[in-house]
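Asker: This structure is in structure tokens; I'll ask about it shortly.
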């Protein structure tokens, strides 16, 4: 019942639900206390609403956004409480008293202070907004000043509104004691604090202003001229899509030439993982078009989005769609892909997929480069932590359930969650021979379909219930007792590592804003290497802190999906890049035929399912998967998985990174040849213009087009 209430209220925890209930009940109680009147009830209910509001803001609760949408945002709630205080005074018979007039006048003046305070904070933020946000780019020449103190700017509106507490407390105390001095003092303190807070912002209005757009663009162009990037990873997307760029960061760190990352959304910069590659975020298309990218020869695109056109228009570079996964989904054969010079796929399957789809992508424009991101996945044949017989490394196998999300349409084949998810989880939790379940859903789960969100919530409840039951089951008591000290040590190690990672994540002064972060965030090889080592250590400590028998839900960024691959002995998923990536492990897997196409038709339509145990929506076929895990000799699909792995992901040798870089070098050379050819044609045309007879008519342009015109510079 509580979980249902949490879901309906769109809050993240029981404590948030309690805070929401306090707000929902607190304000009616404040109004009731004002009407009765009851000073004690008013004070208690008002205090509860203050605390609930503060807690929900600290948690950045979704409920705060919903309250703003229905026009009862934070300022309105504070104003309502203040108006009810005035009503309380009137009901107490104080409407003609000096205290009443003082309270009304003081609260009006305080409310009037909100306007200059809000204007100042807004202007300061606007004047400190850089047109381009950077990471690992030297902007020391711009002399960007430090940000105003964090205490002044962070949650400034909320802090200003809470300064009414002395006035509220003083007036209530005065009304209760019959001594107006407390009320006068409280109002004076509120007005003094509000005035001081507003006045404290004034010096930062001009003193901390960042350079203008022209100066920033000039500095960025100068840096580009010095750095001379050759390969760009270009990305645009929603805040939930940060994983699509993060998966390519390590590849970009090892790419041939001088890499650069160009982004378009400010809010995504903070979600990009630590990297040594320079990052430039250019929100405005006009600013992007004015950047000097003349040295770039290859542009890589992980997503098909509208803003890609702002870089696709540049003719001096070759444009490549690399995607953010390899699967049999329709998104993998998007007709938009034909706008690129080349489309890179992992293996032969991607090439054949485009040929069958016939969406305009020519076969000669498809290049097989493998999947460099799959390097962290340990293949079953060389996995050191597995026994020599190939059986699970732990006394019971670990099965990963990693369903994809519901997609943008209602195709029943998009995700197994809606029709099969609960059956899959129920079957694994109730397996005749015990298994451990790791549930890791797609980050987009439930963002479009409420039913998918509800199923996701029910599955998490099922896993938690099973985990609690297993923790109290006598069968696992001995293991739990034996592992207790080791798990405690691992948890302590995780806490230590997290603290060090948090310290290393701060590249500048604590509380600095976006502009200051752009100035101070420069690549430090020692720091970056330490972060990588700490993340690897954290991952090891994480798995040591959890018993091999404990069911687990993984919904955050850590541990990563590939870490879950390495920890599991088999996987259940849907048609998505998750299945293709899991093939790198060589382990058994199952794919759900949620659209009920039948095994033969499902495998015909979906290449990745040809070496999978195909599950119906009832999930009764799970026994086949579990048998393959327990008895590798009976795994009749092992040979098919090896062949399919090469077909989908490409050969193991040369490595994916080597093939990727070879493709980059080939395109760079092609771009150079093309650019030289255009320059030569333009030079020949110019020479013809100079040599033509004075009385000759106009000469028609040669092969140059308007897209080649920028090369004339």
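Asker: Can you name the number of the only condition in (1) at pLDDT 90 or above; (2) under 21 Å from the mean Cα position of the chain (by Cα) that residue 399 fails?
Answerer: (2)
Asker: Does residue 433 satisfy the criteria of being surrounded by 15 or more Cβ atoms within 10 Å (Cβ to Cβ) and at pLDDT below 95?
Answerer: Numbers: surrounded by 15 or more Cβ atoms within 10 Å (Cβ to Cβ): no; at pLDDT below 95: yes.
No.
Asker: Let me spell it out: the conditions are (1) part of a helix (DSSP H, G or I); (2) more than 22 Å from the chain's Cα centre (by Cα); (3) under 23 Å from residue 250 (Cβ atoms), and residue 563 meets all of them except one. Which number is the exception?
Answerer: Among (1) part of a helix (DSSP H, G or I); (2) more than 22 Å from the chain's Cα centre (by Cα); (3) under 23 Å from residue 250 (Cβ atoms), the lone unmet condition for residue 563 is (2).
Asker: Further question: Would you tally the residues in the range 629-654 being over 20 Å from residue 325 (Cα atoms) and outside any helix (DSSP H, G or I)? Working first, answer last.
Answerer: Filtering the range 629-654 down to residues over 20 Å from residue 325 (Cα atoms) leaves 629-640, 653-654.
Checking which are outside any helix (DSSP H, G or I) leaves us with 631, 635-637, 653-654.
Qualifying residue count, the range 629-654: 6.
Asker: Got at least one residue in the range 646-655 being surrounded by fewer than 22 Cβ atoms within 10 Å (Cβ to Cβ) and under 30 Å from the mean Cα position of the chain (by Cα)?
Answerer: Looking only at the range 646-655, we keep the residues that are surrounded by fewer than 22 Cβ atoms within 10 Å (Cβ to Cβ), and these are 646-647, 651-655.
Subsequent filtering for residues that are under 30 Å from the mean Cα position of the chain (by Cα) retains 655.
Scanning the range 646-655 turns up at least one residue that is surrounded by fewer than 22 Cβ atoms within 10 Å (Cβ to Cβ) and under 30 Å from the mean Cα position of the chain (by Cα).
Asker: If residue 619 passes every condition in (1) surrounded by fewer than 16 Cβ atoms within 10 Å (Cβ to Cβ); (2) modelled with pLDDT of 90 or more; (3) not in a helix (DSSP H, G or I) but one, which one does it miss?
Answerer: Status for residue 619: all satisfied but (1).
Asker: So which helices (runs of 4 or more DSSP H) stay within the range 411-530 end to end and still have 2 or more residues that are within 25 Å of the chain's Cα centre (by Cα)?
Answerer: Working: elements: 422-429, 450-471, 477-505, 514-520.
Result: 450-471, 477-505, 514-520.
Asker: Please determine whether any residue of the range 603-610 is under 25 Å from residue 433 (Cβ atoms) and touching a residue at least 12 places away in the same chain (Cβ under 8 Å). Steps first, please.
Answerer: Going through the range 603-610, the residues under 25 Å from residue 433 (Cβ atoms) turn out to be none.
Checked the range 603-610: no residue is under 25 Å from residue 433 (Cβ atoms) and touching a residue at least 12 places away in the same chain (Cβ under 8 Å).
Asker: Does residue 361 count as crowded, with 18+ Cβ neighbours inside 10 Å, at pLDDT 95 or above and in the same structural domain as residue 663 (by TED's automatic domain parsing)? I'd like the intermediate steps shown before the answer.
Answerer: Working: crowded, with 18+ Cβ neighbours inside 10 Å: yes; at pLDDT 95 or above: no; in the same structural domain as residue 663 (by TED's automatic domain parsing): yes.
When the stated conditions are applied, residue 361 does not pass them.
Asker: Which of the residues belonging to the range 585-615 are within 32 Å of the chain's Cα centre (by Cα) and in a loop (DSSP other than H, G, I, E, B)?
Answerer: 586, 587, 588, 593, 594, 595, 606, 612
Asker: Cβ-Cβ below 9 Å, separation at least six or inter-chain, first residue in the range 73-102 and under 21 Å from residue 61 (Cβ atoms), second outside any helix (DSSP H, G or I) and at pLDDT below 95: which pairs?
Answerer: 80/72
Asker: Which strands (runs of 3 or more DSSP E) does the range 273-343 wholly contain that include 2 or more residues that are surrounded by fewer than 18 Cβ atoms within 10 Å (Cβ to Cβ)?
Answerer: Ranges flagged: none.
Asker: Given the conditions (1) outside the structural domain of residue 459 (by TED's automatic domain parsing); (2) surrounded by fewer than 17 Cβ atoms within 10 Å (Cβ to Cβ); (3) touching a helix residue (DSSP H, G or I) at 6+ places or on another chain (Cβ under 8 Å); (4) over 30 Å from residue 131 (Cα atoms), which single one is not true for residue 558?
Answerer: (1)
Asker: Look at residue 626 and say whether it is outside the structural domain of residue 351 (by TED's automatic domain parsing), crowded, with 17+ Cβ neighbours inside 10 Å and either modelled with pLDDT of 90 or more or assigned to a helix (DSSP H, G or I) (or both).
Answerer: Values: outside the structural domain of residue 351 (by TED's automatic domain parsing): yes; crowded, with 17+ Cβ neighbours inside 10 Å: yes; either modelled with pLDDT of 90 or more or assigned to a helix (DSSP H, G or I) (or both): yes.
For residue 626, the condition - outside the structural domain of residue 351 (by TED's automatic domain parsing), crowded, with 17+ Cβ neighbours inside 10 Å and either modelled with pLDDT of 90 or more or assigned to a helix (DSSP H, G or I) (or both) - is met.
The values are calculated or read from the model by the stated rules, or taken from the named source; none is laboratory data. Bear in mind the structure is a predicted one, so any value in this text is a computation, not a measurement. Positions of Cβ are generated from backbone atoms using ideal geometry, with glycine treated the same way; all protein chains shown enter the neighbour counts.
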